[in-house]
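Enquirer: Could you have a look at this structure, given as structure tokens, before my questions?
The values are calculated or read from the model by the stated rules, or taken from the named source; none is laboratory data. Note that the structure is a prediction, hence the values are computed from the model and not measured. Please note: Cβ atoms are built from the backbone with ideal geometry, for glycine as well, and neighbour counts cover all protein chains shown. In case anyone asks, the SASA skips ligands and DNA or RNA and just uses the protein heavy atoms, side chains included. Shrake-Rupley method; radii C 1.70, N 1.55, O 1.52, S 1.80 Å.
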Amino acid sequence: MSSYDFTPIPLNRRRRPTSRRFLVIVVLVSSMVLTLLGRLYYVQLLEKDKPTQTSGLLHDAAIVVPAPRGVIVDSTGAPLVDNTSVQVLTVSYDTLQQRPDHGAAVLAALADLLDTSASALAAEITPCSPKVPAPCWTGEPYQPVPVAANVPSSVVFAVGEHREQFPGVAIETESLADYPGGSLASHVLGYTSQITAADKKKDPSLSDSDQIGVSGLEESYDSILRGVDGKQVVQLSPQGYSVGAGSYTAPTQGDTLVTSINAKVQKLAESSLAQQIKDSRAAGKPATSGAVVVMDPQTGRVIAAASYPTYDPQEFVGGISDADYAKLTAPSANDPLLSRAIAGQYAPGSTFKLITSSSLLTHKEINTTSDYPCPGSVTIDGRVKTNYDSEVLGNINLENALGYSCDTFFYEPEANEYYRDQARVAKGEKPLEYLQAMAADYGVGSSPGIDLPAGEQAAGSYADRETRLARWNANKTQYCADAKSGFPDDKNAADRAYLTELAKENCTDGWRYRAGDNADMAIGQGETTMSPLQLAVAYSALVNGGRIWEPTIGWAEVNAAGKVVKTIKPTLRDRVPVKQSYLNYIANSLNFSRGWAVSGAFAYLGVPYKNEIGGKTGTAEVFGKADTSWLATWGPIVKTKTGAVSAKFVVVGMVEQAGTGATAAGPMLKRIWDGLLGYKQPAVIKGSQPATTLPKLKPQVQVSGK
């Protein structure tokens, strides 16, 4: 018999679900139902952004219609940046997704027409997401994606005549920037680009299709040029696909920017600069780059600003290719994107003697009647400093020192100024540094404040005790390391030896400011640098009563109806602390009517207008390079009722590695003066004087994307 006991358990001893467990289940189910009902109530009735669709109901979305940018015109109303209508091919991603093959056949056929690949097109129109990296579409999924601009007529006809083969593909008319002058004034105008994530973070109102200015005037005046975007309402299905169009709000084109640039003067300046580069190279000089600035000294308005080498901003319209951008930024291209006229910094050479003379006269260190020595050389701090070609002129006055550009004339008074300051320092007093203070008064060492992006304008520089010490503290470790290594990567033995000795000196004594440094500054050498624009501002002060302008290019904002919305007025920054009689003396000393007594007059001796022009040459020495050629000029010269010397134009020119100021910058600027004053040709500017009234503009005809 088995040992198992099969005796039945009494019914009253069997286990049953307790009332507590059942209660818990009821509570859980009830909570879930109540939570669901509460969420539905909130979503449907309380949430401010609740969806309006329910099953089978449509809802609206909006596509931004970009506003055409405003145009930029010159002082006569001639377009510098215009708009042009182009055919743009767009592809609707959501339309293709609704097809059985998700648009594969459409993309394949389209790729053949556009000479690209279907996979590239697919990537371009696919909305970006964490799982979809670039290249991808950053806009809304229901928004048509532009995949080709300036579409050939053959493509337009193919898509139009075979619509059944290209569902979701459309040809739209859009507005793009057009630069009718090509590279004309490119550094001043700048260019536009599609927005980036950083742009949108800075300004959330931007849409993915917007173009914004990223350089030049396009950037500075972007807010008035961009206009107001329009809106196309589209109806979306519950699945998010567009199924119909709603209301349309047209965009408003941006306002017109009138500039003080005269296109004809700009073209004259650029052509003369390019010609001089060619001529200087033919004469055996490297002539690597150059710049010209033409300014109205009475207002500070810039009439022309030319730089070489240059570029065509049309390359950036619609987005520049990686290959083209690489060409522009390659070392062999010599940085064509840099505006030498405004952002370049160069030793100004003897053109700086305007500032040195102003300082010496103002502080009574020399006078206008006495003669001072102009020897072939002088020794300062144990170092010999020579005149150009060691020329000896004997005792001469300031008038001839400026005209013949005698360097040694200025060395001794500025060295003596240094020694007087050192005596003050020895007594615990602050140095007066008259020359540095005058340079600052003329604008050296501070941004000129022109209406261009801050990063596109140079401040220039000069040395003094404070900055020398600060720089040494920041760089002494590198100085000492260079002195120890000896610049092994430099293949030129002479340069290597020079740089090593300089590094040794900087390592131990780089904080010292010496008398020789002050002497170098007196003739625009050493650590003294200026941009051509800064020099034009300084020489404008010579012939406008000492006023230092913040130069401007923008002149007025005009709306689409042709009405002036705002006049952009120049800002007077400062006045140089120099007597008008001293300014007159300096200007008269450099009048080309003095002939051979003024070095800059060499190229002008045979022209009838030479008595109306004044100028100062500069030949700046640069380590390891040929001399930089400078000439600062002004004219036509007029005398005011008070006897002050005044002028209508200031023209400054610079050519790197081209030799003396008289041999390169001299003939370059003569061609510009010939055009301005109408010598053997019609004058390029009406009345041979800057424009004083705004041009009358016709109402704009808006280019619509609808």
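Enquirer: Looking for whichever is part of a helix (DSSP H, G or I), β-branched (Val, Ile, Thr) and under 22 Å from LEU583 (Cβ atoms) here; the options are THR356, THR299. Which one fits? Steps first, answer last, please.
Expert: Numbers: THR299 fails: part of a helix (DSSP H, G or I).
Among THR356, THR299, only THR356 is part of a helix (DSSP H, G or I), β-branched (Val, Ile, Thr) and under 22 Å from LEU583 (Cβ atoms).
Enquirer: Any residue at all in segment 591-610 that's part of a helix (DSSP H, G or I), open to solvent by less than 30 Å² (accessible area, probe 1.4 Å), at pLDDT 95 or above and not basic (Lys, Arg)?
Expert: Yes, segment 591-610 has at least one match.
Enquirer: Next question, about the same structure. Looking at ALA269, ALA304, ALA274, ALA291, can you tell me which residue is buried (at least 23 other Cβ atoms within 10 Å of the Cβ), farther than 20 Å from VAL71 by Cα, among the small types (Gly, Ala, Ser) and out of contact with any Gly (no Cβ under 8 Å at 6 or more places or on another chain)?
Expert: The conditions single out ALA269.
Enquirer: Continuing with the same structure: Which ones in segment 614-645 are over 27 Å from the mean Cα position of the chain (by Cα) and hydrophobic (A, V, I, L, M, F, W, C)?
Expert: PHE623, ALA626, ILE637, VAL638, ALA644, VAL645 - these are the residues of segment 614-645 that are over 27 Å from the mean Cα position of the chain (by Cα) and hydrophobic (A, V, I, L, M, F, W, C).
Enquirer: Mind telling me which of the residues VAL578, VAL565 ends up being assigned to a loop (DSSP other than H, G, I, E, B) and among the aliphatic types (A, V, I, L, M)?
Expert: Numbers: VAL565 fails: assigned to a loop (DSSP other than H, G, I, E, B).
After applying the criteria, what remains is VAL578.
Enquirer: Would you call SER370 part of a loop (DSSP other than H, G, I, E, B), closer than 23 Å to TRP596 by Cα and either modelled with pLDDT of 95 or more or assigned by TED's automatic domain parsing to the domain that holds ALA287 (or both)?
Expert: On the way: part of a loop (DSSP other than H, G, I, E, B): yes; closer than 23 Å to TRP596 by Cα: yes; either modelled with pLDDT of 95 or more or assigned by TED's automatic domain parsing to the domain that holds ALA287 (or both): yes.
So SER370 passes the test.
Enquirer: Against the condition open to solvent by less than 40 Å² (accessible area, probe 1.4 Å) and without any contact (Cβ under 8 Å) to a residue 24 or more places away in the chain, how does ALA148 come out, does it pass?
Expert: Details: open to solvent by less than 40 Å² (accessible area, probe 1.4 Å): yes; without any contact (Cβ under 8 Å) to a residue 24 or more places away in the chain: no.
So ALA148 does not fit the description; no.
Enquirer: If I ask for residues that are open to solvent by 20 Å² or more (accessible area, probe 1.4 Å) and farther than 16 Å from LEU225 by Cα, which ones from segment 78-98 would you list?
Expert: First, pick out the residues of segment 78-98 that are open to solvent by 20 Å² or more (accessible area, probe 1.4 Å): 78-79, 82-85, 87, 93, 95, 97-98.
ALA78, SER85, GLN87, TYR93, THR95, GLN97, GLN98 - these are the residues of segment 78-98 that are open to solvent by 20 Å² or more (accessible area, probe 1.4 Å) and farther than 16 Å from LEU225 by Cα.
Enquirer: Checking the structure you have, find out if any residue of segment 404-417 is open to solvent by 70 Å² or more (accessible area, probe 1.4 Å), acidic (Asp, Glu) and assigned to a loop (DSSP other than H, G, I, E, B). Steps first, answer last, please.
Expert: To start, the set of residues in segment 404-417 that are open to solvent by 70 Å² or more (accessible area, probe 1.4 Å) comprises 404, 412.
Imposing the further condition that a residue be acidic (Asp, Glu) reduces the set to 412.
Now drop any that are not assigned to a loop (DSSP other than H, G, I, E, B), which leaves none.
No: segment 404-417 contains no residue that is open to solvent by 70 Å² or more (accessible area, probe 1.4 Å), acidic (Asp, Glu) and assigned to a loop (DSSP other than H, G, I, E, B).
Enquirer: Then there's this: Tell me the residue from ALA459, ALA463 that is in a loop (DSSP other than H, G, I, E, B) and touching a Phe, Trp or Tyr at 6+ places or on another chain (Cβ under 9 Å), please. Steps first, answer last, please.
Expert: Values: ALA459 fails: touching a Phe, Trp or Tyr at 6+ places or on another chain (Cβ under 9 Å).
On inspection, the qualifying residue turns out to be ALA463.
Enquirer: Looking at PRO204, PRO180, which is the one that is surrounded by fewer than 14 Cβ atoms within 10 Å (Cβ to Cβ), without any contact (Cβ under 8 Å) to a residue 40 or more places away in the chain and part of a loop (DSSP other than H, G, I, E, B)? Give the derivation first.
Expert: Numbers: PRO180 fails: without any contact (Cβ under 8 Å) to a residue 40 or more places away in the chain.
Answer to the check: PRO204.
Enquirer: On to the next question. In the list SER589, SER593, SER531, SER540, which residue meets the criterion of being in contact with a Pro (Cβ under 7 Å, 6 or more places away or on another chain) and of a type in the set (S, T, N, Q)?
Expert: Working: SER589 fails: in contact with a Pro (Cβ under 7 Å, 6 or more places away or on another chain); SER593 fails: in contact with a Pro (Cβ under 7 Å, 6 or more places away or on another chain); SER531 fails: in contact with a Pro (Cβ under 7 Å, 6 or more places away or on another chain).
The unique qualifying residue is SER540.
Enquirer: Can you list residue pairs whose Cβ atoms sit under 7 Å apart, with the first residue in segment 641-655 being open to solvent by less than 10 Å² (accessible area, probe 1.4 Å) and the second being part of a strand (DSSP E or B) and basic (Lys, Arg)? Count only pairs 6 or more apart in sequence or on different chains.
Expert: Matching pairs, first to second residue: VAL645/LYS639.
Enquirer: Please work out if PRO336 is open to solvent by less than 60 Å² (accessible area, probe 1.4 Å) and over 20 Å from TYR179 (Cβ atoms). Walk me through it before giving the result.
Expert: Details: open to solvent by less than 60 Å² (accessible area, probe 1.4 Å): yes; over 20 Å from TYR179 (Cβ atoms): no.
So PRO336 fails the test.
Enquirer: Related question: Tell me which residues, restricted to segment 518-553, are surrounded by fewer than 24 Cβ atoms within 10 Å (Cβ to Cβ) and either in a helix (DSSP H, G or I) or among the small types (Gly, Ala, Ser) (or both).
Expert: Correct list: ASP520, GLY526, GLY545, GLY546.
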